[in-house]
């Protein structure tokens, strides 16, 4: 299968260097298993795609080291160039537009209230004019389920059904690089180049280092419940607490057995 990725150099004006902090905040490790990795430049993406009613042409589909999806370089009619998340099936030469009532075509961006039921969408705004926040990783998409009193009901990839304001923008299609899920990490060095250090099981540590540590031989954890290294519940605990958006959830996602 021929790759559609461009071999051109990234757009210099849309690059930014982000210093790698290796999971540290003020010198203390706050995120474990980070460190090393190959230096890389961040591509500045236009998640909001604020250039409404200005046609654009896809110049190239490019690799982005900071995300699982591919990105597309757009050139608008006013010669402004911007990166966006590429849609599955998008290719150089395609014409796109961001409009309140654009054509229902892969890559076009329009308001949720104007998208027909059953359409696949991604890069969805959570609040109007705040930029796309949801469904941005490789191969993902949500489905428009219903339109109801200024709100749009969506089925999320997790199976959750939730309401979003109808004035929010979303892009037609699904996120590119759906084959990402089949990538195999064939050697430890691959993860080291990504900046991911080895993960050691808590059960093989000492009691001073982890709640699961200690004991003779291959012992069970010896606790009433599984804990994090900081002693908190590790399984079956709700992570969403006191969120105002809970009232927009119609059906919770299905729990894994």
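Here, each number is a calculation from the coordinates, and none is a lab measurement. Because the structure is predicted, anything quoted here is derived from the model rather than measured. Don't worry about glycine lacking a Cβ; one is built from the backbone with ideal geometry, like all the others, and counts go over all protein chains shown.
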Separation between the residue 146 and residue 238 pseudo-spin-labels, each 7 Å from Cα along Cα→Cβ, expressed in nm? 2.3 nm
Where a ≥ b ≥ c are the square roots of the eigenvalues of the C-alpha gyration tensor, would you call region 205-247 rounded, which needs a/c under 1.5, or, failing that, prolate if a/b is larger than b/c, or oblate? prolate
Distance (nanometres) between label positions extended 7 Å along Cα→Cβ at residue 50 and residue 224: 5.3 nm
By how many nm would the segment from residue 216 to residue 57 lengthen if fully extended, with 0.36 nm per residue of separation less the alpha-carbon distance? 50.8 nm
Students often get this wrong, so try it: which of [x] 18.4, 60; [y] 20.6, 83; [z] 21.9, 70 is Rg and Dmax of the Cα atoms in Å as calculated from the structure shown? [z]
Give the calculated FRET efficiency between residue 79 and residue 193 to the nearest 0.05, with a Förster radius of 41 Å applied to their Cβ-Cβ distance. 0.65
Can you show me the helix-derived [θ] at 222 nm for the chain, built from DSSP H runs with n ≥ 4 at -39,500 (n - 2.57) apiece and divided by the number of residues, rounded to the nearest 500. -500 deg cm²/dmol
Give me the one-decimal nm value for the distance between modelled label points at residue 160 and residue 186, 7 Å along each residue's Cα-to-Cβ direction. 3.7 nm
